[in-house]
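Notes to accompany the following structure.
Any read-out appearing in this document is the output of simple, stated calculations on the displayed coordinates, not a laboratory observation. Keep in mind it's a predicted model, so treat the numbers as computed, not measured. Counting neighbours? That spans all protein chains shown, and the Cβs are built from the backbone with ideal geometry, glycine included.
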Amino acid sequence: MKANVGGIDRILRIVAGLALIVLAVTGAVGAWGYIGVVLVLTGVVRWCPAYLPFGLSSCRTPKT
């Protein structure tokens, strides 16, 4: 798998994912808050399958 999640995107995914998980655990939001697990995982592994069909990548491309 080639990484397609860049630096800022990665940080935002992890922070938002953790926030959703905390909100779900505390009961502030419903069970849908556990979708934060997906955000954390895609941030940690730096690969998002949803980007593939659209050919997206937030990684910097090396200059040639």
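Annotations for the structure displayed:
- Within the range 11-33, the set of residues being exposed (fewer than 13 other Cβ atoms within 10 Å of the Cβ), without any contact (Cβ under 8 Å) to a residue 12 or more places away in the chain and of a type in the set (A, V, I, L, M, F, W, C) comprises Val25, Ala28, Ala31, Trp32.
Every residue, every condition in (1) in a loop (DSSP other than H, G, I, E, B); (2) on the phi > 0 side of the Ramachandran plot; (3) in contact with a Lys or Arg (Cβ under 6 Å, 6 or more places away or on another chain), yes or no:
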| site | (1), (2), (3) |
| --- | --- |
| Ala3 | yes, no, yes |
| Ile8 | no, no, no |
| Arg13 | no, no, no |
| Leu23 | no, no, no |
| Trp47 | yes, no, no |
| Tyr51 | no, no, no |
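- Of all residues in the range 36-60 being exposed (fewer than 14 other Cβ atoms within 10 Å of the Cβ) and either touching a strand residue (DSSP E or B) at 6+ places or on another chain (Cβ under 9 Å) or β-branched (Val, Ile, Thr) (or both), the one that is farthest from Leu18 (Cα to Cα): Val45
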